[in-house]
Amino acid sequence: MERKEVAFSGVKPFDLSVTLQKNVKPQYQKTTKSHIHDICEIYVNISGDVSFMVENKVFEVNHGDVIITRPYEYHHCIYNSETAHDHFWITF
C-alpha cells in the first residue's frame, strides 16, 4: 500500500489533510472497522469494488463517487470483493 499525505497547517482556523491510499486490499475481513472522528471526512473513490456505510445506511460506490461524513457519524468501507482499491481521504 502506498500512502502519501499532505497537511495544510497554514490554513486557519482548521487543519486540512489529504491522503491518497493506493492498492488497499482486504486481507481477512470484508469491512474496515466502523469508526468516528471529531472532524469532517471526504472519501473519494478512485477504483475498486467497495460500498460505504454511514450511520447504518449502505451506499454503492463507483469510480469518482464522493462520500462526506460529518463529525461523530459512524462510518466504514465495505469490500465487496478481493479487488484492491484506491481512494482519497480528506479530513478537515
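Rolling a 1.4 Å sphere over the protein heavy atoms, what is the accessible area per residue of the stretch 49-92, to the nearest Å²?
Counting only protein heavy atoms, the per-residue value for the stretch 49-92 is 58 Å².
Please state, as a whole number in µm²/s, the translational diffusion coefficient that the Stokes-Einstein equation yields for the stretch 41-83 at 37 °C and 0.692 mPa s, with Rh defined as the Kirkwood radius across alpha carbon pairs.
Rounded, D is 310 µm²/s.
Using a 7 Å offset from the Cα along the Cα-to-Cβ direction at both LYS57 and ILE39, what is the distance between the two label points in nm, to one decimal?
Spacing of the two 7 Å Cα→Cβ label points: 2.5 nm.
Take PHE88 and VAL66, extend 7 Å from each Cα along the Cα→Cβ direction, and tell me the distance between the two endpoints in nm.
0.8 nm
The values are calculated or read from the model by the stated rules, or taken from the named source; none is laboratory data. A quick note: this is a predicted structure, and the numbers were derived from the prediction, not measured. Backbone-built Cβ (ideal geometry, glycine too); neighbour counts: all protein chains shown. The accessibility values were calculated without ligands, DNA or RNA, using every heavy atom of the protein model including side chains. Shrake-Rupley method; radii C 1.70, N 1.55, O 1.52, S 1.80 Å.
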